[in-house]
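What follows is one structure encoded as structure tokens, with my remarks underneath.
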Amino acid sequence: MDLRFTPEEVAFREEVRSFIAENLPRETRERMRLGYKPKKQEIIDWMRILNRKGWSAFNWPKEYGGPGWSAIQRMIFLEENLAAPAPELLSFNITMLGPVLIQFGTQAQKDHFLPRAKNLDDWWCQGFSEPGAGSDLASLRTRAERDGDHYVVNGQKIWTSTAHNADWCFCLVRTNPNAAKRQEGISFLLIDMKTPGVEVRPIISIDGSHHLNEVFFTDVRVPVENLVGEENKGWSVAKYLLGNERTGIARLGSSKAAVRRSKEVAREVRMNGRPLIEDRPFRTRVAQLEVDMKALEITQLRVVSAFAKAGGNKPDPISSVLKVKGTELLQNSSELLMDVGGPQAMPAWQQELAALSNEPEIGPDWAPQMAPAYLMLRAASIYGGTNEIQKNILNKAVLGL
Amino acid sequence: MDFDLTEDQRLLTDSVSRLLADNYGFEQRKQLLKAPTGWSETLWAQYAELGLLGLPFSEDFGGFGGSAVDVMLLMQSFGRHLVLEPYLATVVLAGTALRLAGSEEQQAELLPAIAAGERRLAFAHYERQARYDMTDLLTTAKPHGDGFLLEGAKSVVLHGDSADTLIVSARTAGGRDDAAGISLFLVDAASPGIARRGYALRDGSRAAELSFSAVQVPREALLGEQDNALPVIRRVVEAGIAAGAAEVVGAMEAMQAMTLDYLKTRVQFGKPIGENQALQHRAAEMMIALEQGRSMAMLAAMMLDEPNDAERERNISMAKVGVGQAGRFVSQNAVQLHGGIGMTEEYAIGHFFRRVMVFEHLFGDTAYHLDRLADQVA
């Protein structure tokens, strides 16, 4: 048993770090350091830079254009990418659709979609949740009826992240409403967002941003060759997708960056006549977060190395531990950062100015994204299976309750 | 990076588990508590036979040359059974002091004897007024003839009642709270002038109050450098934290298993109480805390040999905080989920609870270590 990274792993980290340092566009890095989310084009550009290096499909096997990394290398890569901070790889393309097509896709689907997904030629979104199907995903009602060589899709999806950017949507639809079990009548379809009858409506979230959407399908005709896996067997595809390796699920790099940022800003702001960084309660809060991050870092290494040893293909319910603790830390660290900002973090002038022209900015440059990050991260314990659902998973799969 | 156990480690864990499964049932342990020493001489001899008592010592001194991870695995097993024997005091604390500070002769005299189960030591450092402060020392060792004269008192000395040899810290220079001027001495526990009052701690393990009144010790009794024992004392405490953290992990495992069992079998309102989601989620949170605590105990073990002092101390403090918080969460909820039965002396949960509680208040509690970490925020 040895917690230390091997010299090879250390060298790999160094290689990733310097590649990112040399290739991440400066403007993107600077904006992200101040907490701004990357723009659509920045994400595309970064994915393409990584793809040219052979790294964008970081978790795919070599034969499909992945780098063939070990689980530890994948973890290091994601950590460095988050810590840079660089735009995150579009998970819909890389960790969701890619592995699903590799496992269940036809040769034609693989040949067409995989190279485009890893170069972000197609932006994918995920059509799973519906107004009546949140945590209880299997109750979804969007219908797909066979009509010759097409499925005709009618229904509504919700909470569809980045649907307004998306070219394609992988969707769970009900193909057999009369199946004995709800899970048995579901299929996994690939839908071109440009198809007539697809309508995307924005949902503005509490951070003021447009990230989420509703997607409506009205008589949308989808060619049958866009079915992934067998008809009515979509639930096992979805389960594979959701249970697939979740190396990056704890997103520790983000929490680390927020704590680091909190300390930086705490040197600039004051508390009772002294720099905040010298304030005891602040320091204790940082110390506690650093303890929790350290524990999670080691837990993550344990999960990753166990996953690698198991052959790396079975969903590991322990990753629910990473999801729960990881999102708690994301939330706590974003809370700390916002509290450091204090009143300067409260003005929402940015949203008003954005609509105007080149008005000069108001307030310190570190302030504008503190509250939005805090607000948006309330969703971290909701998406990807709420933390309560994660606890249900642990109960069923690990504790046997 | 590697979390695998070696073949030797697997063998070690297996043989210890077998021994404890046969000898350390809850009822058997109750009998052991009634022994005059509060633990079992017979089992101590068996530990010696298995090589456990020399596990971390070098082979030159009759040991096994085991690593901190080996000790961690052993302590985890001990924690699952609430082992009462003075392993922490003798092998971990005194053993570490001897290994780090002992002369060739001192090590040759004591380590093989410890490994053989013939000698038992205690580490007498903390004093009543000191709480967790390592430098708050009033006990003095003044030059006297060819040696020293010890005066003072030590408090809550683990297994100080049954040790035949004491490692005692005392001021040879400086005043209260000075980092310099502290020395360690190897003292025969039967020396004239030593008074011992033994008692059980809240978990049943033994400790003692020691007082030293004009105790004469020869010059050769000095363990390590005169006036400069603090770095050694720190390392001894760190070894105690790592070992105790592993024990807490073992105790948490036992509590988690008992609690799950209870949730599945206790029926109320016509169904097992484990079917209630409020309780299920609490169980999941206990598991999450246990896994985080386990990670921290591993961190402590793997950091013990880190040569950079600041780095090592920081990580050990993080581990003490992490394990302390996990231990509290798991043990408090283990009692809660058991309901009334968890409050009773005749049920095992409360005994595990008290072991975790005692360890949290040794070697610096959660607040103490969090405060040290807060000092270092940069």
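The values are calculated or read from the model by the stated rules, or taken from the named source; none is laboratory data. Values in this document were obtained by computation on a predicted structure and should not be read as measured data. For neighbour counting, all protein chains shown are included, and Cβ atoms are generated from backbone atoms with ideal geometry for every residue, glycine included.
For the range B:294-322, which positions are in contact (Cβ under 8 Å) with a residue 60 or more places away in the chain and not in a helix (DSSP H, G or I)?
B:LEU304, B:ASP305
With the requirement that a residue be part of a strand (DSSP E or B), charged (D, E, K, R) and under 30 Å from A:SER381 (Cβ atoms), what does the range A:132-162 give you?
Passing the criteria: only A:LYS157.
Looking at (1) touching a Leu at 6+ places or on another chain (Cβ under 9 Å); (2) aliphatic (A, V, I, L, M); (3) surrounded by fewer than 21 Cβ atoms within 10 Å (Cβ to Cβ), which is the one condition that is false for B:VAL236?
Every listed condition holds for B:VAL236 apart from (3).
How many of the residues in the range B:327-378 are more than 12 Å from chain A (Cβ to nearest Cβ) and either touching a helix residue (DSSP H, G or I) at 6+ places or on another chain (Cβ under 6 Å) or in a loop (DSSP other than H, G, I, E, B) (or both)?
26
Determine whether A:ASN93 is in a strand (DSSP E or B) and either surrounded by 21 or more Cβ atoms within 10 Å (Cβ to Cβ) or in contact with a Lys or Arg (Cβ under 7 Å, 6 or more places away or on another chain) (or both).
Here the answer is no, as A:ASN93 does not meet what is asked.
Need a quick list: helices (runs of 4 or more DSSP H) entirely within the range A:288-401 having at least 2 residues that are acidic (Asp, Glu), modelled with pLDDT of 90 or more and buried (at least 17 other Cβ atoms within 10 Å of the Cβ).
In the range A:288-401, A:319-341 are the helices (runs of 4 or more DSSP H) which contain 2 or more residues that are acidic (Asp, Glu), modelled with pLDDT of 90 or more and buried (at least 17 other Cβ atoms within 10 Å of the Cβ).
Which residues, taken from the range B:353-378, are acidic (Asp, Glu) and free of Cβ contacts under 8 Å to residues at least 12 places away in the same chain?
B:ASP371, B:ASP375
Between a first residue in the range B:275-293 that is facing chain A (nearest Cβ under 7 Å) and a second residue that is not β-branched (Val, Ile, Thr) and not in a helix (DSSP H, G or I), which pairs have beta carbons less than 7 Å apart while being 6 or more apart in sequence or on different chains?
Pairs found: B:GLN280/A:LEU401; B:ALA283/A:LEU401.
Looking at the range A:271-287 only, could you name the residues that are crowded, with 20+ Cβ neighbours inside 10 Å and either more than 28 Å from A:ALA250 (Cα to Cα) or facing chain B (nearest Cβ under 7 Å) (or both)?
A:LEU276, A:ARG283, A:VAL286, A:ALA287
Of all residues in the range A:14-28, count the ones that are surrounded by fewer than 16 Cβ atoms within 10 Å (Cβ to Cβ) and either of a type outside the set (A, V, I, L, M, F, W, C) or in contact with a Pro (Cβ under 9 Å, 6 or more places away or on another chain) (or both).
Going through the range A:14-28 one residue at a time, the tally reaches 8.
Assess whether B:ASP305 counts as being within 13 Å of chain A (Cβ to nearest Cβ), more than 17 Å from the chain's Cα centre (by Cα) and of a type in the set (D, E, K, R).
For B:ASP305, the condition - within 13 Å of chain A (Cβ to nearest Cβ), more than 17 Å from the chain's Cα centre (by Cα) and of a type in the set (D, E, K, R) - is met.
Go through B:ILE167, B:ILE241 for me and flag whichever is outside any helix (DSSP H, G or I) and either of a type outside the set (Asp, Glu) or in contact (Cβ under 8 Å) with a residue 24 or more places away in the chain (or both).
Step by step, each of B:ILE167, B:ILE241 is checked, and only B:ILE167 is outside any helix (DSSP H, G or I) and either of a type outside the set (Asp, Glu) or in contact (Cβ under 8 Å) with a residue 24 or more places away in the chain (or both).
Listed here are the residues, each with its yes/no results for (1) in the same structural domain as B:LEU93 (by TED's automatic domain parsing); (2) under 28 Å from B:LEU32 (Cα atoms); (3) part of a loop (DSSP other than H, G, I, E, B).
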residue	(1), (2), (3)
B:SER155	no, yes, no
B:ASP161	no, yes, yes
B:ARG176	no, no, yes
B:ALA179	no, no, yes
B:PHE185	no, no, no
B:PRO192	no, no, yes
B:ASP203	no, yes, yes
B:ALA208	no, yes, no
B:PHE212	no, no, no
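For the range A:173-207, how many residues meet the condition of being closer than 16 Å to A:ALA133 by Cα and exposed (fewer than 13 other Cβ atoms within 10 Å of the Cβ)?
Final tally of qualifying residues: 2.
All but one of (1) buried (at least 16 other Cβ atoms within 10 Å of the Cβ); (2) part of a helix (DSSP H, G or I) hold for A:ALA57, so report the exception by its number.
Result: A:ALA57 fails condition (2) only.
From the list B:LEU52, B:LEU73, exactly one residue is touching a Phe, Trp or Tyr at 6+ places or on another chain (Cβ under 8 Å) and on the phi < 0 side of the Ramachandran plot. Which is it?
Every option except B:LEU52 fails the conditions.
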